[in-house]
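A.B. asks: This is the structure I want to talk about, given as structure tokens.
Just so you know, all these numbers are worked out from the coordinates, no wet-lab data involved. Note that the structure is predicted; figures quoted are calculated from it, not measured. Because the Cβ atoms are built from the backbone with ideal geometry, glycine has one as well, and the counts that use them run over all protein chains shown.
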Amino acid sequence: MRKLIVCLLALVVGLFLGTAAYSLDKGPEVIVLKAKKGNVTFHHREHQDKLKIKCGECHHGKTADWKQVPYKEGMKIHECKECHNKEMPNKKLNKVSKAMHKNCKGCHKKMHKKYPKAPVKCKQCHVKKK
């Protein structure tokens, strides 16, 4: 009986620690997106922590018939290009750059009054190497 209680306690503690470690993994702090017009440095952690943007605002999955599925906790995060490519039937989103411009640029324009430093012009995000 004592061994059973110890095993159950160890299991509960292990699950708790595993869940806590998983929830702390918020992805990279900064992501650099390579682009012909200049690389874009995306401050991923800042968007999560300071702006409180939920994962599902950007991350999602798809069904076999290309319908978008909202992100749920624990869902595997794929690279954008896995779906946003020439095989995608929606020509408005069939490139990563098109998806980023629609989502990121649209959000930045909406948020510009509240956050005037949010970039809204091409060269504010796309920085060419000198």
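A.B. asks: With a cut-off of at least 1 residues that are surrounded by 12 or more Cβ atoms within 10 Å (Cβ to Cβ) and either of a type in the set (A, V, I, L, M) or touching a residue at least 24 places away in the same chain (Cβ under 8 Å) (or both), name the strands (runs of 3 or more DSSP E) lying wholly within the range 25-130.
C.D. replies: Working: elements: 31-33, 39-42, 60-62, 68-70.
It comes to 31-33, 39-42.
A.B. asks: Within the range 58-68, work out how many residues are within 14 Å of the chain's Cα centre (by Cα) and farther than 13 Å from Gly27 by Cβ. Give the derivation first.
C.D. replies: In the first step, residues of the range 58-68 are kept if they are within 14 Å of the chain's Cα centre (by Cα); the result is 58-61.
If we keep only those that are farther than 13 Å from Gly27 by Cβ too, we end up with 60-61.
Number of matching residues: 2.
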